[in-house]
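To start, the structure itself, in structure tokens.
The values are calculated or read from the model by the stated rules, or taken from the named source; none is laboratory data. A quick note: this is a predicted structure, and the numbers were derived from the prediction, not measured. Cβ: placed from backbone, ideal geometry, glycine included. Neighbour counts: every protein chain shown.
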Amino acid sequence: MHRWFLLLLLFCTPAFAAPPGPAPPQRILFVGNSLTYVGNLPATFAAMANANGHAVHAAMIVEGGATLDQRVADGSVQRALADYKPAVLVLQERGGDLLCMPMEEACFQSAQAIQALAQAGRTAGARVVLLGSYQAHPRASAELVEKEAAAAEQAGIAYVEISESLRRLSGEAPALAWYHADGMHPGPALTLLDAIQLHRTLFGVIPAQGFDVAAPIYTTSSGLHAELREADAAAPRPDTPQGIHYDGTMLGQFNSMLDSSGK
């Protein structure tokens, strides 16, 4: 009887489940141009997120001078949504297209492309955000932010503002490397600003921990083409700089400036 009772307990007692493993990294796909890859924003954002408690893996489809309209036309984003299956799709347009530069129809083409890619992202189950670009002139900057916000609202996606924050912060801390050596593309400080603003939008918290980016830090001569690639993949050009460190003190400075400006 005692033996039968033990067997009955064995069959009736539920097995202890193994503790769940860590959740897989959240996949984030960046689609853009040289504003996105100079400084390697995708890898910088992933390193920041991982250092601050959010498991992230980043990939990108980027090419110098590219527009979002070109990405709609070539179908590269739609294919990446199917193959890479990102949880988040980050779109970044060229700096002047929504200001109707270099031609009047650029405004319409850009707005249409943002809507098309937003719809494709939603259909694939991704959260879609429009990451702003920037203009140095105060009037152009304000107009750009207005146009970008309107395009994002029309497409039903979140907007991450950059241009006006860049103007304010670069005025408060002019010694920081806001721009690349060409005076136009992102320098380390601007890449960090992009990453912080995106982190706040996606996770709703301020990143505080410093981090290392173990990935190519692309310059304007990147050798990149509009194809899906991991953000930390080996660079096409062997002379591409490797890695950069952002310390917690610098993040604290940025967060303080952004908080004081209401951004």
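Here is the figure for segment 168-178: residues that are surrounded by fewer than 19 Cβ atoms within 10 Å (Cβ to Cβ) and either under 20 Å from the mean Cα position of the chain (by Cα) or outside any helix (DSSP H, G or I) (or both) total 5.
Restrict the check to segment 214-226 and report whether at least one residue is of a type in the set (A, V, I, L, M, F, W, C), touching a Pro at 6+ places or on another chain (Cβ under 8 Å), under 30 Å from A173 (Cα atoms) and in a loop (DSSP other than H, G, I, E, B). Within segment 214-226 (the criterion being of a type in the set (A, V, I, L, M, F, W, C), touching a Pro at 6+ places or on another chain (Cβ under 8 Å), under 30 Å from A173 (Cα atoms) and in a loop (DSSP other than H, G, I, E, B)), the answer is yes, since at least one residue qualifies. Could you list all residues from segment 140-157 that are under 29 Å from A120 (Cβ atoms) and either among the acidic types (D, E) or surrounded by 14 or more Cβ atoms within 10 Å (Cβ to Cβ) (or both)? Residues satisfying the conditions are E143, L144, V145, E146, K147, E148, A149, A151, A152, E153, A155, I157. Residues of segment 182-205 being buried (at least 16 other Cβ atoms within 10 Å of the Cβ), more than 19 Å from S170 (Cα to Cα) and of a type outside the set (S, T, N, Q), which ones? Within segment 182-205, H199, R200, L202 meet the criteria. When we screen A149, A113, A155 for residues that are closer than 27 Å to N52 by Cβ and of a type in the set (A, V, I, L, M), the only hit is A149. In segment 200-216, the residues that are modelled with pLDDT of 95 or more form Cβ pairs under 7 Å with partners that are of a type in the set (D, E) and buried (at least 17 other Cβ atoms within 10 Å of the Cβ), at six or more places apart or across chains, as follows: A214/D232; A215/D232.
Considering E63, E153, E93, the condition of being within 27 Å of I206 (Cα to Cα) and in contact (Cβ under 8 Å) with a residue 24 or more places away in the chain is satisfied by E93 alone. Among the residues of segment 82-110, the ones that are assigned to a helix (DSSP H, G or I), crowded, with 22+ Cβ neighbours inside 10 Å and either acidic (D, E) or modelled with pLDDT of 95 or more (or both) come to 2 in all.
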